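The values are calculated or read from the model by the stated rules, or taken from the named source; none is laboratory data. The shown structure was predicted, so the numbers you read here are calculated from the model rather than taken from an experiment. As a convention, Cβ positions derive from the backbone with ideal geometry for all residues, glycine included, and neighbour counts pool all protein chains shown. Surface accessibility is based on the protein's heavy atoms, side chains included, excluding ligands, DNA and RNA. Shrake-Rupley method; radii C 1.70, N 1.55, O 1.52, S 1.80 Å.
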Amino acid sequence: MSFEIRAARPDELPGVIKPILHYFGRSEATPEFAERFGPILPADRIHAAFEDGRVVGSGGVFPFEAGIPGGLIRAAGITLVGVLPTHRRRGILRQLMRAQLDDIRERGEPMAYLWASEDALYGRFGYGVASFSGNVEIPRDRAAFWKDFEPAGRIRLIEKDEAVEPFSRIQREAAARHPGMFVRSEDWWRHRRLADPEAGREGGGEMVRALLELDGRPAGYALYRLHFSAERGIPNGYTSVIEAVGDSAEATRELWQYLFGIDWMARVRAQLLPRDHELFLLLREPRRLRFDLRDGLWVRLVDLEAALNARSYKPGEPVTVEVADEFCAWNEGVWELGPEGASRSSGAPELRLDVAALGSAYLGGFTFAQLARAGRIEELADGALERADALFRTDRYPWCPEIF
Ligand SMILES: CC(C)(COP(=O)(O)OP(=O)(O)OC[C@H]1O[C@@H](n2cnc3c(N)ncnc32)[C@H](O)[C@@H]1OP(=O)(O)O)[C@@H](O)C(=O)NCCC(=O)NCCS
């Protein structure tokens, strides 16, 4: 049985994403769902598989600008991938991935990345696990910092409309500092991040928007909701931190100080924190975070040359690598990687790897040495791993505070 695979037309929205909705227990997109995705997901960025005119599988792309070491890059944020259970294991995902990656390449987006619903799925298409992220839950009475910092600035609780502009500005700058964080458009803020449908509250209260000002200027924000509960008059609920972003170490510290200080809450929970989050060293008892780690972002270098030339490197000696890329053969070959970027090389390869391993190293989440220890890179010349790691070293671990 052959399927028609093509980009969706605007009039096919939102029906064309029915396959993934099926797995959320829905047969149709609710108006709320359409409102959430309509403004931020262009129809022609959704590829769908049709059988006799009916959609049986689809997958979308958010056109992002995303943080990489040294700045921002155009990136394809893969989303809403699904194939109906009636049509599973007939190669539809594979055909969708083919069409999607070809399209991403044509549009000149050098990198694709995603959060995987299942970690077994995407390696075969050249995605490498690129970060780990974690959830924490800490009793408020064990959340003291290692010393008493002098409080600074002020925090205001603000309305959604007032939040969009300062939050956008702070977040855009944060994305340029944090590999893996995509820049939110104002539409994204309005329709997604700050949208607060009852169904998404998981029993908690309304979303609270807090703006931190230091020296009178916006320096950070926190989004959270309170889950109040009590037993025999003793509060045992928690503050759920949706996201806290400061523009400096001081701002980040102030935000968390505030979040840990909210009365009536017994605990503070937060999700999707990077492995190098400031809290580990800020807290007197970091173990109390109960940091719970799992795979985070998966990165696919679509145009290897453009992607590698877009990021920054530390000073160091070049290294030649032989890249295998079964799914996107245009990336295959021997490349010289150096402080200035990447170019094709006729030299003898010193490392041999699959493009997925390069995706794992690209944002700085994993070292070449780590990948080699897992058998994902072969070292063909002594010292090559060390040279590659010296070049690719980054100051910050990848962080994306939102599943897209
Ligand atoms: C996961 C899903 C998209 C797979 O679609 P599909 O059309 O059945 O996949 P294909 O037949 O194209 O399979 C492609 C490859 O992935 C493998 N694969 C598919 N689903 C898999 C799974 N859940 N776990 C492990 N491997 C899987 C297939 O065995 C095949 O392997 P091969 O390349 O070695 O032949 C579909 O089952 C689905 O919609 N699942 C629920 C929603 C979901 O998880 N979406 C992904 C969101 S990130």
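Quick one: count up the residues across the range 2-22 that are part of a helix (DSSP H, G or I), open to solvent by 50 Å² or more (accessible area, probe 1.4 Å) and within 16 Å of the ligand (Cβ to nearest atom). Break it down stepwise before answering.
Pass one, the range 2-22, residues part of a helix (DSSP H, G or I): 10-12, 15-22.
Still in the running and open to solvent by 50 Å² or more (accessible area, probe 1.4 Å): 10-11, 18, 22.
With within 16 Å of the ligand (Cβ to nearest atom) added as a condition, the list becomes 18, 22.
Count: 2.
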**Request:** Filter the range 218-250 down to residues that are more than 28 Å from the chain's Cα centre (by Cα) and farther than 22 Å from residue 141 by Cα, then give me how many there are.
**Result:** 0
**Asked** Out of curiosity, is residue 41 aliphatic (A, V, I, L, M), touching a helix residue (DSSP H, G or I) at 6+ places or on another chain (Cβ under 9 Å), within 17 Å of residue 85 (Cα to Cα) and open to solvent by less than 20 Å² (accessible area, probe 1.4 Å)?
**Response** no
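Listed residues 74, 94, 88; which is under 21 Å from the mean Cα position of the chain (by Cα) and surrounded by fewer than 21 Cβ atoms within 10 Å (Cβ to Cβ)?
Working: 94 fails: under 21 Å from the mean Cα position of the chain (by Cα); 88 fails: under 21 Å from the mean Cα position of the chain (by Cα).
Result of the check over 74, 94, 88: 74.
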**Message:** Which of the strands (runs of 3 or more DSSP E) found entirely inside the range 182-264 contain at least 3 residues meeting this: free of Cβ contacts under 8 Å to residues at least 40 places away in the same chain?
**Reply:** 217-227, 237-246
**Prompt:** Taking the condition closer than 17 Å to residue 308 by Cβ and assigned to a helix (DSSP H, G or I), does residue 343 pass?
**Reply:** no
**Prompt:** From 272, 337, which residue is at positive phi and part of a strand (DSSP E or B)?
**Reply:** 272
**Request:** Could you grab the pairs with beta carbons closer than 6 Å, sequence gap of 6+ or different chains, first residue in the range 391-404 and aromatic (Phe, Trp, Tyr), second one open to solvent by 10 Å² or more (accessible area, probe 1.4 Å) and part of a loop (DSSP other than H, G, I, E, B)?
**Result:** 397/275; 397/276; 399/178
**Prompt:** Is there a residue being in a helix (DSSP H, G or I), in contact with a helix residue (DSSP H, G or I) (Cβ under 7 Å, 6 or more places away or on another chain) and of a type outside the set (Asp, Glu) anywhere in the range 311-330?
**Reply:** no
**Request:** Name every residue in the range 56-91 that is more than 20 Å from residue 127 (Cβ to Cβ) and among the polar types (S, T, N, Q), in order of residue number.
**Result:** 86
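Restricting attention to strands (runs of 3 or more DSSP E) lying wholly within the range 66-178, give those where 3 or more residues are in contact (Cβ under 8 Å) with a residue 24 or more places away in the chain and away from the ligand (no atom under 16 Å from the Cβ). If you could, list the steps in order and put the result at the bottom.
Numbers: elements: 71-83, 111-115, 132-139, 154-157.
Per the criteria, 71-83, 132-139, 154-157.
Residue-wise test of (1) open to solvent by 50 Å² or more (accessible area, probe 1.4 Å); (2) over 23 Å from the mean Cα position of the chain (by Cα).
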{"residue": "275", "(1), (2)": "yes, no"}
{"residue": "292", "(1), (2)": "yes, no"}
{"residue": "298", "(1), (2)": "no, no"}
{"residue": "329", "(1), (2)": "yes, yes"}
{"residue": "334", "(1), (2)": "no, yes"}
{"residue": "340", "(1), (2)": "yes, yes"}
{"residue": "380", "(1), (2)": "yes, yes"}
**Item:** Odd one out for residue 52 among (1) of a type outside the set (Phe, Trp, Tyr); (2) open to solvent by 10 Å² or more (accessible area, probe 1.4 Å); (3) more than 10 Å from the ligand (Cβ to nearest atom); (4) closer than 22 Å to residue 117 by Cα
**Value:** (4)
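Kindly establish whether residue 389 is charged (D, E, K, R), open to solvent by 30 Å² or more (accessible area, probe 1.4 Å), part of a helix (DSSP H, G or I) and at pLDDT 95 or above. Outline the logic, then answer.
On the way: charged (D, E, K, R): yes; open to solvent by 30 Å² or more (accessible area, probe 1.4 Å): yes; part of a helix (DSSP H, G or I): yes; at pLDDT 95 or above: yes.
Yes; evaluated as a whole, the condition is true for this residue.
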**Message:** For the range 185-200, give me each residue that is over 20 Å from the mean Cα position of the chain (by Cα), more than 12 Å from residue 224 (Cβ to Cβ) and not aliphatic (A, V, I, L, M).
**Reply:** 197, 198
